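Structure first, commentary second.
The values are calculated or read from the model by the stated rules, or taken from the named source; none is laboratory data. Predicted model only: the values in this text are computed from it and were never measured. Virtual Cβ from ideal backbone geometry, glycine too; neighbours counted across all protein chains shown.
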Amino acid sequence: MAGLGSALKRVYLSVYNWTVFFGWFQVLCFAVKTLKESGHSEVYNAVQRPLLLAQTAAILEIIHGLVGLVRSPVSATLPQISSRLYVTWGILWSFPETRQHVLVSSLVISWSITEIIRYSFFGVKETFGSAPSWLLWLRYSTFLILYPSGITSEVGLIYAALPYIKASEKYCVRMPNTWNFSFDYFYVAIIALAIYVPGSPHMYTYMLGQRKKALSKSKKA
C-alpha cells in the first residue's frame, strides 16, 4: 500500500506541476506576443485568464506543504503566494485602472519565467525521478534577477493603485452598521507595502541560502 500511495503522490504532483507550467507558459507567450503587436497597455487583457488560473492554483502548494505532500516549509511558501495573490486579485483584478500600467508587463514576464522554470523543474523531478543539472541551476539562479524585478513591479502596482483604492472605497465598510465595525481597504494596501520592506530582503536572503545548499549538493553528487 505504501508503494501505491507513493506512486499516486508522484502522479498527482506530476500532473499538478505540468498543468500549472502550461498555464504560465501561456501567460508568457501571450504577454510577449501582445507586447510586440499592441504594446504594454494590452498585456493584462491578453493574459488575464491564464494568469488568474495559474496564480490561484498556487494555493494548492500551501495545502501540499500542510499535509506533507512536499517538503517545502509553509512559512516560506505562504508569504510569497499570499503577496502574489493579493496583487493578482486585490489589485489588478479589483482595480481595472491599474491594468494598463507598464509594470504589468514586467510583472507577468518576471513571474511567468520564474514559474515556467520552477514548475518544469518539479515536473521533471516527479515524472523522471531527477532533474538535469542545467535545470537545477536555472531553478536556483534566475531568481537573482527575476525576484527583484517581480518585487519591484508588485510594489509599484500597489502604489499606483492607491489613488483608485481611496477614491472608489471598494471593499470598505463604514460605520454605523449592524456589526459596529469599520474597514478601510486603503490601509490594507498601505500595510501590504510596509510588509514588503522587511519581507523582500528576508525572502531574498532565504532563497540565496537555498541556492547555496542546492548547488553544493549538486556538485557533491
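Consider the range 1-33. How many of its residues are modelled with pLDDT under 95, basic (K, R) and farther than 16 Å from S120 by Cα?
1
Looking at (1) part of a helix (DSSP H, G or I); (2) of a type in the set (S, T, Y); (3) under 25 Å from G199 (Cα atoms), which is the one condition that is false for S72?
Unmet for S72, out of (1) part of a helix (DSSP H, G or I); (2) of a type in the set (S, T, Y); (3) under 25 Å from G199 (Cα atoms): (1).
For (1) among the β-branched types (V, I, T); (2) touching a residue at least 60 places away in the same chain (Cβ under 8 Å), each residue gets a yes or a no:
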{"position": "T19", "(1), (2)": "yes, no"}
{"position": "A57", "(1), (2)": "no, no"}
{"position": "I63", "(1), (2)": "yes, no"}
{"position": "P73", "(1), (2)": "no, no"}
{"position": "L78", "(1), (2)": "no, no"}
{"position": "W89", "(1), (2)": "no, no"}
{"position": "L92", "(1), (2)": "no, yes"}
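Just a yes or no: is a residue in the range 206-220 polar (S, T, N, Q), surrounded by fewer than 16 Cβ atoms within 10 Å (Cβ to Cβ) and in contact with a helix residue (DSSP H, G or I) (Cβ under 6 Å, 6 or more places away or on another chain)?
Step one: list which residues in the range 206-220 are polar (S, T, N, Q), which gives 210, 216, 218.
This time we only want the ones that are surrounded by fewer than 16 Cβ atoms within 10 Å (Cβ to Cβ), so: 210, 216, 218.
Now restrict to residues that are in contact with a helix residue (DSSP H, G or I) (Cβ under 6 Å, 6 or more places away or on another chain): 218.
Yes, because at least one residue in the range 206-220 is polar (S, T, N, Q), surrounded by fewer than 16 Cβ atoms within 10 Å (Cβ to Cβ) and in contact with a helix residue (DSSP H, G or I) (Cβ under 6 Å, 6 or more places away or on another chain).
Please go through the range 120-143 and give me each residue that is touching a residue at least 24 places away in the same chain (Cβ under 8 Å) and within 19 Å of the chain's Cα centre (by Cα), ordered by number. Break it down stepwise before answering.
First pass over the range 120-143, keeping only residues touching a residue at least 24 places away in the same chain (Cβ under 8 Å): 120, 122-123, 126-127, 133, 136-137, 139-143.
Listed by number, the residues that qualify are S120, F122, G123, R139, Y140, S141, T142, F143.
Considering only residues that are of a type outside the set (A, V, I, L, M, F, W, C) and surrounded by fewer than 22 Cβ atoms within 10 Å (Cβ to Cβ), look in the range 100-118 and name the one that is farthest from K33 (Cα to Cα). Break it down into steps so the answer makes sense when it comes.
From the range 100-118, those of a type outside the set (A, V, I, L, M, F, W, C) are 100-101, 105-106, 110, 112, 114-115, 118; that's our starting set.
Next, only the ones that are surrounded by fewer than 22 Cβ atoms within 10 Å (Cβ to Cβ) stay: 100-101, 105-106, 114, 118.
Values: Q100: 16, H101: 17, S105: 11, S106: 14, T114: 18, R118: 22 Å.
Filtering first and then ranking leaves R118.
Filtering the range 83-97 down to residues that are within 8 Å of the chain's Cα centre (by Cα) and not charged (D, E, K, R), which residue is surrounded by the most Cβ atoms within 10 Å (Cβ to Cβ)? Walk me through how you get there before you give the answer.
First, the residues of the range 83-97 that are within 8 Å of the chain's Cα centre (by Cα): 83-85.
Subsequent filtering for residues that are not charged (D, E, K, R) retains 83, 85.
Values: S83: 22, L85: 14.
Result: S83.
From the list A131, A161, A192, exactly one residue is buried (at least 18 other Cβ atoms within 10 Å of the Cβ) and assigned to a loop (DSSP other than H, G, I, E, B). Which is it? If you could, list the steps in order and put the result at the bottom.
On the way: A161 fails: assigned to a loop (DSSP other than H, G, I, E, B); A192 fails: assigned to a loop (DSSP other than H, G, I, E, B).
Testing whether each residue is buried (at least 18 other Cβ atoms within 10 Å of the Cβ) and assigned to a loop (DSSP other than H, G, I, E, B) leaves just A131.
Being part of a loop (DSSP other than H, G, I, E, B) and either of a type outside the set (F, W, Y) or touching a strand residue (DSSP E or B) at 6+ places or on another chain (Cβ under 6 Å) (or both) is true for just one of Q48, Q55, Q100. Which residue is that?
Values: Q48 fails: part of a loop (DSSP other than H, G, I, E, B); Q55 fails: part of a loop (DSSP other than H, G, I, E, B).
Being part of a loop (DSSP other than H, G, I, E, B) and either of a type outside the set (F, W, Y) or touching a strand residue (DSSP E or B) at 6+ places or on another chain (Cβ under 6 Å) (or both) holds for just one of Q48, Q55, Q100, which is Q100.
Which condition breaks for T152 when tested against (1) in a helix (DSSP H, G or I); (2) polar (S, T, N, Q); (3) free of Cβ contacts under 8 Å to residues at least 40 places away in the same chain; (4) out of contact with any helix residue (DSSP H, G or I) (no Cβ under 7 Å at 6 or more places or on another chain)?
Every listed condition holds for T152 apart from (3).
Restricted to the range 136-148, and to residues that are crowded, with 18+ Cβ neighbours inside 10 Å and either in contact with a strand residue (DSSP E or B) (Cβ under 6 Å, 6 or more places away or on another chain) or among the hydrophobic types (A, V, I, L, M, F, W, C) (or both), which residue is farthest from Q55 (Cα to Cα)?
It comes out as L136.
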